[in-house]
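Undergrad: Please find one structure pasted underneath; my questions will follow.
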Amino acid sequence: MARIRMWLEAGLAAAAAGLAVLTLFIPDWIERFFDAKPDSGEGEVEWLLAALFAAAAAVLALLARRDWRRLHAAADH
């Protein structure tokens, strides 16, 4: 179960990091995809989402790293 959780956390971290980078390079992708302008085209929501995606990626990567270390520590004993 821990191995599945580790891979799930790593995959979600990669997805969140990809969305953060996408939002930085193409800030209006959300408006294009959902055909909505949540902030009337100001870009504030996009910057907030980029920060949230980056934070989520960092947290998930740290959780995956913790699980990875636990798995390898258990295998060494």
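Undergrad: Where in the chain are there helices (runs of 4 or more DSSP H), lying fully within it, with 2 or more residues that are surrounded by 11 or more Cβ atoms within 10 Å (Cβ to Cβ) and modelled with pLDDT of 85 or more?
TA: Answer list for the chain: 2-25, 44-76.
Undergrad: Does ASP35 satisfy the condition of being at positive phi and of a type in the set (Asp, Glu)?
TA: Judged against the criteria, ASP35 is a match.
Undergrad: Between a residue in segment 35-47 that is touching a residue at least 40 places away in the same chain (Cβ under 8 Å) and more than 14 Å from LEU24 (Cβ to Cβ) and any residue that is surrounded by 12 or more Cβ atoms within 10 Å (Cβ to Cβ) and aromatic (Phe, Trp, Tyr), which pairs come within a Cβ distance under 9 Å, given they are 6 or more apart or on different chains?
TA: none
Undergrad: Those residues that are over 23 Å from TRP7 (Cα atoms) and among the acidic types (Asp, Glu), I need them from segment 30-77; list them, please.
TA: Listed by number, the residues that qualify are GLU31, ASP35, ASP39, GLU42, GLU44, GLU46.
Undergrad: Kindly provide the set of residues from segment 3-32 that are of a type in the set (Phe, Trp, Tyr) and either in contact with a strand residue (DSSP E or B) (Cβ under 9 Å, 6 or more places away or on another chain) or over 21 Å from TRP68 (Cα atoms) (or both), ordered by number.
TA: The answer is PHE25, TRP29.
The values are calculated or read from the model by the stated rules, or taken from the named source; none is laboratory data. Just so we're clear, the structure is a prediction, and the values are computed from it rather than from any experiment. Here Cβ is always computed from backbone atoms with ideal geometry, including for glycine, and neighbour counts include all displayed protein chains.
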